[in-house]
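A.B. asks: Starting off with a structure, shown below.
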Amino acid sequence: MTAGRHAVEVEGLVKRFGEFAAVDGVSFTVEPGELFGFLGPNGAGKTTTISMLCTLLRPSGGRASVAGHDVVAEPDAVRRSIGLVFQDTTLDDLLTGEQNLRFHGVLYGLPEAEVVNRMGPLLEMVGLSDRADQRVQNYSGGMKRRLEIARGLVHAPRVLFLDEPTLGLDPQTRSHI
Ligand SMILES: Nc1ncnc2c1ncn2[C@@H]1O[C@H](COP(=O)(O)OP(=O)(O)OP(=O)(O)O)[C@@H](O)[C@H]1O
Ligand SMILES: [Mg+2]
């Protein structure tokens, strides 16, 4: 453990692509239980920042910890602590909603019974209980988004990252999310 009680701690975080600084010294902290949003125009560096916090990109400078684990020194511990909903959807279209959640559970090494227990309430939460046995390719855009959010929570992560999860959704679904 490198940090204290903060859910996310970011200090002077930098990401350079060649000469270009996509993220230039960002600092913030997020407390447990806090819903933290960061806004910026296209290209501001939001996705790049999230990618560093999720250990998908290595920072060029500064430091960050998630759920008490340093993103550079303890990437595996960070990955075990987080859920992630990407800006672009990453569902398996040929699987049903339920199969997508089960597959995710397998990847995280969860016992089958635990996945089954958690799946029902999550599908209920995102309003997909009655569509869970249908292939994702037949879902609408909003349904896919909602399934992704359920999937991001299957393994009960301590921190959930959402990169523009309401992109392309109608106002009702936005507000629901
Ligand atoms: N792999 C890369 N190589 C070079 N430049 C990159 C790379 N990834 C991102 N960038 C640049 O970094 C900047 C920040 O991009 P990023 O995707 O983080 O922005 P964003 O705030 O998420 O934007 P949007 O609102 O459009 O999603 C952009 O100028 C982008 O072109
Ligand atoms: Mg982005």
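A.B. asks: Against the definition (within 16 Å of ligand 1 (Cβ to nearest atom) and among the β-branched types (V, I, T)), how does V72 come out, yes or no?
C.D. replies: Answer is no for this residue.
A.B. asks: Shifting gears a bit: For segment 149-177: of the residues being within 11 Å of the chain's Cα centre (by Cα) and within 16 Å of ligand 1 (Cβ to nearest atom), which is farthest from D88 (Cα to Cα)?
C.D. replies: F161
A.B. asks: Filter segment 30-63 for residues that are in a loop (DSSP other than H, G, I, E, B) and either polar (S, T, N, Q) or near ligand 2 (Cβ under 10 Å from one of its atoms) (or both); which is nearest to the chain's Cα centre (by Cα)?
C.D. replies: The residue in question is T55.
Each value in this text was obtained by applying a stated rule to the coordinates, not by laboratory testing. A quick note: this is a predicted structure, and the numbers were derived from the prediction, not measured. Using ideal geometry, Cβ is built from the backbone for each residue, glycine included, and neighbour counts are taken over all protein chains shown.
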